[in-house]
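The values are calculated or read from the model by the stated rules, or taken from the named source; none is laboratory data. No experiment lies behind these values; they were computed from the predicted model shown. Note that we place each Cβ from the backbone using ideal geometry, even for glycine, and neighbour counts take in every protein chain shown.
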Amino acid sequence: MKNFLRILSLIIVFLATPLSSQAAEKVEYLKTDWSFKGLFGKFDRGALQRGYQVYTEVCASCHSMKYLSYRNLAEKGGPEFTEQQAKAIAASFDVTDGPNSDGEMFTRPGKLSDKFVMPYENVKAAQAANGGAYPPDMSVLVKARGGGVDYIYSLLQGYDDPPVGITLDEGVHYNKYMYGNKIKMSNPLSDGLVEYSDGTNATVEQMSKDVTTFLMWTAEPHLETRHQMGFKAIVYLIILTILVYFSMKKIWSRVETEV
Amino acid sequence: MSDNEYTPTSKAGKWFNDRLPLLTLANHLTDYPTPKNLNYWWTFGGILTFCLITQIVTGLTLAMHYIAHADMAFESVEHIMRDVNYGWLIRYIHANGASMFFLAVYIHIFRSLFYGSYKAPREIIWIIGIIIYLLMMAAAFMGYVLPWGQMSFWGATVITNLFSAIPLVGEGIVTWLWGGYSVDNPTLTRFFTLHYLIPFLILGLVVLHIWALHVPGNNNPVGIDVKKPSKDTVPFHPYIVIKDTFALLMFMIVFAFFVFYTPNILGHADNYIEADPLVTPAHIVPEWYLLPFYAILRSVPDKLLGVIAMLSAILILAALPWLDTSKIRSAVFRPLYKQFYWILVADVLILGYVGAMPAEGLYLLVARVATAYYFLHFLVILPVLGLKEKTLPIPLSITEPILGGTANLATARNKESSIK
């Protein structure tokens, strides 16, 4: 048993090393205290609501959020706007619906069941408006980038003047954390860009943290349930394992072999 | 199969059993004499059965919500993750379950290698096992294509393109596999069909694997033939059942940790980007469990030879019972083999590591050396070692070294003759 565990742990350590060393080779990302990390990690409700505000006032003009519906904003484990608030948010968007009985498409205020309104008609229109670069959909963006939340958080604060020797084309910007350091998106944030309704000071750092938290939720809307359920499941399994261990010892005591 | 004939006690039971001997089978399975010295490396057979059932059950549920269409697959996976009740849980169990399945199967295979479980009379068990392993790789590869992310698409492109290395008919075969001139909707739908089929083929082969096992019975850490039933064996139930349950629960704790706390760590971030035939990812890498073979493939400069090397690396395992010329099963009594065994383990881990790295410079050199050593181990070291190696004396029975307190053959022989 001891021997078995020793060899097994050695192999796992060996397997895990390349994973961590791979991460270490890349640029050191900026770190912050994410409330959703760890065994009991939960979203900071305030950060999610502020993050939604940053998304909708800044990012949403170019970046779509096609897998989310307005109803999600009022669901448990998310920003948890009240149903009235979510309805009001939905109604503030014009949604194209139809065709009606005359065969015409028409515009109406959004409802909770509507998907987030897309900023562009189609991919080509989005590319045309952004110098050929398609602003990626943000629904699962955090999971689609190697560094995850730390990467997005750093990228938003990574704009800088290009170091000597690097020339940038028209419409290309320098970013310390971008792959290849060249990014088509101009610096989206500046201090005081949005006016938080809860009075929080809208620094670039604060907005980066809030919007990244929001994007983590859009990518993993069930993260809180997952953490809560995981803790219960693992505690249950550990208790059951201990009980089975003693049953096993009892049963095997009839044989002189060790288990 | 069982030595003692079983008769049900009840009249109805006897009536049924005479027509379909299910009760005899159940009796055989519970009574099945198992060597009592099996260590925890032997618990992975049960764990693997659990993995297969888990994959089938979660897979069936996912298939109820998944849409196998190039335009809708990615979206339907997000639908499962967001709107299907506990869909995220089912999908994360299925995705991480594949990794756990391979983790368990590698431990299972390397246990066989250490204790010589592939040797006579267990060659058929071993060969069925290799076929199961091949089917597992096919199922895992096709399953990885289904979410239709960037790695799905480009992984499918790279792997199916391997067939183009076949002389003359290669290109035609690739077009036939794709159902078109590139990986597209027809490829996705057929991969989905096959991904659904293969687990049931595996299930059938698992039945044969266990059937073939129950003919000679389990090998054991000492690697000697065991008289059944005897002082060296215990009935499968309750002894092995409870032990396997205990090991399975520990395995499930690790499994649960991945599912609930780091569900995406074993996947690739690019697979959360929808497939785009016009954008090639910077590095196309397969899932971790295929990396050693990917390294072998890339270490050969010629495409056709690379494919042949990769396939041979797997198929050579099927010839293992005849490549290993040693009559002694367990590495415990083979001091030299034991060292070469651990070198092989390190070699495969190194291959896995370089498989994840770009194929250039030092990585490529290491991959080539490790590939050469892999084949050297099976084709040269094992056959020669079996003939040259001085093995340690093996005990006559499992109980003997424990009761006698020595593994010395001479004392054991004396003792046996004095008993007679």
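Summary of values
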item: First in the range B:249-264 and within 14 Å of B:TRP88 (Cβ to Cβ) and facing chain A (nearest Cβ under 7 Å), second anywhere and surrounded by fewer than 21 Cβ atoms within 10 Å (Cβ to Cβ) and among the acidic types (Asp, Glu), Cβ under 8 Å, 6 or more apart; result: none
item: Verdict on B:ILE284 being touching a Ser or Thr at 6+ places or on another chain (Cβ under 9 Å), surrounded by fewer than 18 Cβ atoms within 10 Å (Cβ to Cβ) and touching a residue at least 24 places away in the same chain (Cβ under 8 Å); result: yes
item: Residue list for the range A:191-239, restricted to those being at the interface with chain B (Cβ under 9 Å from one of its Cβ atoms) and among the small types (Gly, Ala, Ser); result: A:ALA219, A:GLY230, A:ALA233
item: Output for the range B:260-292, where each listed residue is of a type outside the set (Val, Ile, Thr) and under 19 Å from B:GLU360 (Cβ atoms); result: B:PRO281, B:ALA282, B:HIS283, B:PRO286, B:LEU291, B:PRO292
item: Lone unmet requirement of (1) farther than 23 Å from B:ILE107 by Cβ; (2) buried (at least 18 other Cβ atoms within 10 Å of the Cβ) for B:PHE246; result: (1)
item: Checklist (1) in a helix (DSSP H, G or I); (2) without any contact (Cβ under 8 Å) to a residue 40 or more places away in the chain; (3) within 29 Å of B:PRO147 (Cα to Cα); (4) not acidic (Asp, Glu) applied to A:TYR153, failing item; result: (2)
item: Conditions (1) within 17 Å of the chain's Cα centre (by Cα); (2) touching a residue at least 12 places away in the same chain (Cβ under 8 Å); (3) more than 13 Å from chain A (Cβ to nearest Cβ): number failed by B:PHE44; result: (3)
item: Some residue of the range B:22-38 being touching a Leu at 6+ places or on another chain (Cβ under 8 Å), more than 14 Å from chain A (Cβ to nearest Cβ), touching a residue at least 12 places away in the same chain (Cβ under 8 Å) and not in a helix (DSSP H, G or I); result: no
item: Selection count where residues are surrounded by 16 or more Cβ atoms within 10 Å (Cβ to Cβ) and within 19 Å of B:TRP211 (Cβ to Cβ), scope the range B:1-16; result: 1
item: Criterion (in a helix (DSSP H, G or I), in contact with a Leu (Cβ under 6 Å, 6 or more places away or on another chain), of a type in the set (A, V, I, L, M, F, W, C) and over 19 Å from B:PHE44 (Cα atoms)) met by exactly one of B:MET142, B:MET151; result: B:MET142
item: Which numbered condition B:ILE328 misses (of (1) under 17 Å from B:PHE375 (Cα atoms); (2) surrounded by 19 or more Cβ atoms within 10 Å (Cβ to Cβ)); result: (1)
item: Helices (runs of 4 or more DSSP H) within the range B:305-420 that include 3 or more residues under 23 Å from the mean Cα position of the chain (by Cα) and modelled with pLDDT of 95 or more; result: B:320-323, B:335-356, B:361-376
item: Set B:VAL241, B:VAL215, B:VAL207: member being more than 14 Å from chain A (Cβ to nearest Cβ), out of contact with any strand residue (DSSP E or B) (no Cβ under 8 Å at 6 or more places or on another chain) and free of Cβ contacts under 8 Å to residues at least 12 places away in the same chain; result: B:VAL207
item: Where A:GLN127 falls short, out of the listed (1) in contact (Cβ under 8 Å) with a residue 12 or more places away in the chain; (2) within 13 Å of another protein chain (Cβ to nearest Cβ); result: (1)
item: Boolean, A:GLU256 is over 24 Å from the mean Cα position of the chain (by Cα), within 9 Å of chain B (Cβ to nearest Cβ) and not aliphatic (A, V, I, L, M); result: yes
item: Test result for A:LYS250, more than 7 Å from chain B (Cβ to nearest Cβ), among the charged types (D, E, K, R) and touching a residue at least 60 places away in the same chain (Cβ under 8 Å); result: no
item: Residue list for the range B:222-236, restricted to those being within 25 Å of the chain's Cα centre (by Cα) and either modelled with pLDDT of 95 or more or crowded, with 19+ Cβ neighbours inside 10 Å (or both); result: B:VAL222, B:GLY223, B:ILE224, B:PHE236
item: Cβ pairs under 8 Å, 6+ apart, first in the range A:169-186 and under 14 Å from A:ARG145 (Cβ atoms), second of a type in the set (Phe, Trp, Tyr) and assigned to a loop (DSSP other than H, G, I, E, B); result: A:TYR177/A:TYR29
item: Index of the failed condition, B:LYS231 passing every other in (1) more than 11 Å from chain A (Cβ to nearest Cβ); (2) charged (D, E, K, R); (3) closer than 30 Å to B:HIS28 by Cβ; result: (1)
item: Every residue from the range A:60-98 that is more than 20 Å from B:ASN85 (Cβ to Cβ), touching a strand residue (DSSP E or B) at 6+ places or on another chain (Cβ under 8 Å), assigned to a loop (DSSP other than H, G, I, E, B) and not hydrophobic (A, V, I, L, M, F, W, C); result: A:LYS66, A:SER92, A:GLY98
item: Close pairs from the range B:91-110: first farther than 20 Å from B:SER76 by Cβ and modelled with pLDDT of 95 or more, partner among the polar types (S, T, N, Q) and in a helix (DSSP H, G or I), Cβ under 9 Å, at least 6 apart; result: B:MET100/B:THR54; B:PHE101/B:THR54; B:PHE101/B:GLN55
item: Any hit, the range B:173-180, residues being assigned to a helix (DSSP H, G or I) and either under 26 Å from the mean Cα position of the chain (by Cα) or closer than 30 Å to A:VAL140 by Cα (or both); result: yes
item: Count of residues meeting criterion [assigned to a helix (DSSP H, G or I) and facing chain A (nearest Cβ under 9 Å)] in the range B:265-291; result: 5
item: Sole residue being in contact (Cβ under 8 Å) with a residue 24 or more places away in the chain, within 12 Å of chain B (Cβ to nearest Cβ), out of contact with any Ser or Thr (no Cβ under 9 Å at 6 or more places or on another chain) and among the charged types (D, E, K, R), chosen from A:LYS143, A:LYS111, A:LYS87; result: A:LYS143
item: A:LEU48 being touching a helix residue (DSSP H, G or I) at 6+ places or on another chain (Cβ under 6 Å), more than 25 Å from A:LYS209 (Cβ to Cβ) and at pLDDT 95 or above; result: no
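A quick yes/no check of all residues on (1) over 23 Å from the mean Cα position of the chain (by Cα); (2) in a loop (DSSP other than H, G, I, E, B); (3) of a type in the set (Phe, Trp, Tyr):
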{"position": "A:LYS143", "(1), (2), (3)": "no, no, no"}
{"position": "A:LEU168", "(1), (2), (3)": "yes, yes, no"}
{"position": "A:GLU205", "(1), (2), (3)": "no, no, no"}
{"position": "A:THR213", "(1), (2), (3)": "no, no, no"}
{"position": "A:ALA233", "(1), (2), (3)": "yes, no, no"}
{"position": "A:LYS250", "(1), (2), (3)": "yes, no, no"}
